[in-house]
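Structure, as C-alpha cells:
The values are calculated or read from the model by the stated rules, or taken from the named source; none is laboratory data. What you see is a predicted model; the values in this text were computed from it and never measured. Backbone-built Cβ (ideal geometry, glycine too); neighbour counts: all protein chains shown.
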Amino acid sequence: MRPNFFIIGAAKAATTSLSSLLGAHPQAAIAEGKEPHFFSFPQVYGQGWSEYLKQFRHCNRQLAVGDASTSYSRIRYFPLTIERIRKHVPEAKIIYMVRHPLKRMESAYVEHLCTNPRIFSSINDIVRRQSMVLDSSRYWEVFDAYRQVFGESKIKIVWFEEYVKDQTNVFKEVCRFLEIDDSYSPSFDVEDTNGRDNAPARMARLGRQNVQIDTTWEPCTRQWVIEQLRDDNCRLLSHFGRPPDYWGNLY
C-alpha cells in the first residue's frame, strides 16, 4: 500500500483531529505515527521510498491511504516537497486545513512551548524571531503552489471554524472528496487533539511548569502581522467566496 492523499497542514488547524477520525474509518488509513515528513525533510527523504512505505504496512486494501505531515505546507522552508509528491504520487489528493491566522499562530506558540527546546517569552516574541510561525499562515501561497501542480479539483480546503462548528458534516465532505463511504459516523471518542487544554501537563513533563503562556498581542506586532498576511489571506477568502470579515476584523 502507498498513500493517495495528504493532509498537508496548516499546523494547529485540527490536522491531528481529522487524521485520527479518518484513521478510524474502515475505508481509510493514516501513516503510522501520523507525520512521516518524508517529502519535506531531506534526511527522511534520503532514506528512500521503500523505507517510507513501511509506514503503511498496517494498511489492508483501504481506498484512502493518507500521510498527514504539516511540514508539507511549509513550502518556503522545504521547497522540494511538492515536486517530490508529484514524482511519487502524481494523482494525489490534497487536504489543506486553514484557520484564523492569528489564532493559529497563538496555538502554534503554545505547541512550541510543549515540544521545542527553545523557549519564547510570548506570541510577539516568537512571530518576530521565528518566521515559520507567521509564514505558515500564508494560505493562498500554499494553496496556489499545490493547485498549479495537482489542479484545483484535487485539493480540498477545510476551514477550521466550520470544522469545529459542524464536525460531522465537514467530515462527510472530506469522505466524499476521498471517495469513501460518507455514511460512516465517526466516534469522537477516538479523536486525538493537541489542544491548549492539555498544554500545562505537557509543559510540566519538560520541567516548564513555571513558564508563563503569553498570547496577548502587542498592538504594533499584531498590526505588522496583519499587514504581512492581508493580501495573501484576502485572495484565499475571495477565491472561496468567504467575506473579508470571515476571520473578524482582521481585514
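Regarding PHE171, is this residue aromatic (Phe, Trp, Tyr) and over 27 Å from ILE123 (Cβ atoms)? Can you show your working first?
Details: aromatic (Phe, Trp, Tyr): yes; over 27 Å from ILE123 (Cβ atoms): yes.
Yes, satisfied.
Can you tell me which residue within segment 67-99, out of those that are over 20 Å from GLY48 (Cβ atoms) and charged (D, E, K, R), is surrounded by the most Cβ atoms within 10 Å (Cβ to Cβ)?
At the first step, the residues of segment 67-99 found to be over 20 Å from GLY48 (Cβ atoms) are 68, 70, 73-77, 79, 91, 93-99.
Restricting the remaining residues to those that are charged (D, E, K, R) gives 74, 76, 91, 93, 99.
Working: ARG74: 21, ARG76: 14, GLU91: 9, LYS93: 20, ARG99: 23.
Only one residue tops the list, namely ARG99.
Return only the number of the condition from (1) over 20 Å from the mean Cα position of the chain (by Cα); (2) closer than 18 Å to MET97 by Cα; (3) assigned to a helix (DSSP H, G or I) that LEU236 does not satisfy.
Going through (1) over 20 Å from the mean Cα position of the chain (by Cα); (2) closer than 18 Å to MET97 by Cα; (3) assigned to a helix (DSSP H, G or I) one by one, LEU236 breaks only (1).
Can you pull out every residue in segment 61-113 that is of a type in the set (A, V, I, L, M, F, W, C) and under 21 Å from LEU21 (Cβ atoms)? Give the steps one after another, and end with the answer.
Applying the first criterion (of a type in the set (A, V, I, L, M, F, W, C)) to segment 61-113 yields 63-65, 68, 75, 78, 80, 82, 85, 89, 92, 94-95, 97-98, 102, 105, 108, 110, 113.
Answer for segment 61-113, where residues must be of a type in the set (A, V, I, L, M, F, W, C) and under 21 Å from LEU21 (Cβ atoms): LEU63, ALA64, VAL65, ALA68, ALA92, ILE94, ILE95, MET97, VAL98.
List pairs: first in segment 225-247 and over 25 Å from ASP125 (Cβ atoms), second among the polar types (S, T, N, Q), Cβ under 7 Å, 6+ apart or cross-chain?
none
If you scan segment 53-63, which residues turn out to be part of a helix (DSSP H, G or I) and in contact (Cβ under 8 Å) with a residue 40 or more places away in the chain?
Of segment 53-63, the ones part of a helix (DSSP H, G or I) are 53-56.
Within segment 53-63, LEU53, PHE56 meet the criteria.
Can you find even one residue in segment 41-58 that is within 24 Å of GLN167 (Cβ to Cβ) and among the hydroxyl-bearing types (Ser, Thr, Tyr)? Don't jump to the end; show me each part of the working.
Keep residues of segment 41-58 that are within 24 Å of GLN167 (Cβ to Cβ), which gives none.
No.
Each row is one residue, and each column tells you yes or no for (1) surrounded by fewer than 16 Cβ atoms within 10 Å (Cβ to Cβ); (2) touching a Phe, Trp or Tyr at 6+ places or on another chain (Cβ under 8 Å); (3) at pLDDT 95 or above; (4) part of a helix (DSSP H, G or I).
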| residue | (1), (2), (3), (4) |
| --- | --- |
| MET1 | yes, yes, no, no |
| PRO26 | yes, yes, yes, no |
| ALA29 | no, yes, yes, no |
| VAL65 | no, yes, yes, no |
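ALA145 - would you say it is under 16 Å from the mean Cα position of the chain (by Cα) and surrounded by 21 or more Cβ atoms within 10 Å (Cβ to Cβ)?
Numbers: under 16 Å from the mean Cα position of the chain (by Cα): yes; surrounded by 21 or more Cβ atoms within 10 Å (Cβ to Cβ): no.
The answer is no for ALA145.
Hey, does segment 192-200 have a residue that's more than 27 Å from PHE78 (Cβ to Cβ), polar (S, T, N, Q), part of a helix (DSSP H, G or I) and modelled with pLDDT under 90? Please lay out each step first, then the result.
Residues of segment 192-200 more than 27 Å from PHE78 (Cβ to Cβ): 197-198, 200.
From the residues that got through so far, the ones that are polar (S, T, N, Q) too are 198.
Next, only the ones that are part of a helix (DSSP H, G or I) stay: 198.
With the extra rule that they be modelled with pLDDT under 90, the set shrinks to 198.
There is at least one residue in segment 192-200 that is more than 27 Å from PHE78 (Cβ to Cβ), polar (S, T, N, Q), part of a helix (DSSP H, G or I) and modelled with pLDDT under 90.
Looking at this structure, is SER50 under 21 Å from VAL110 (Cα atoms) and not in a loop (DSSP other than H, G, I, E, B)?
The answer is no for SER50.
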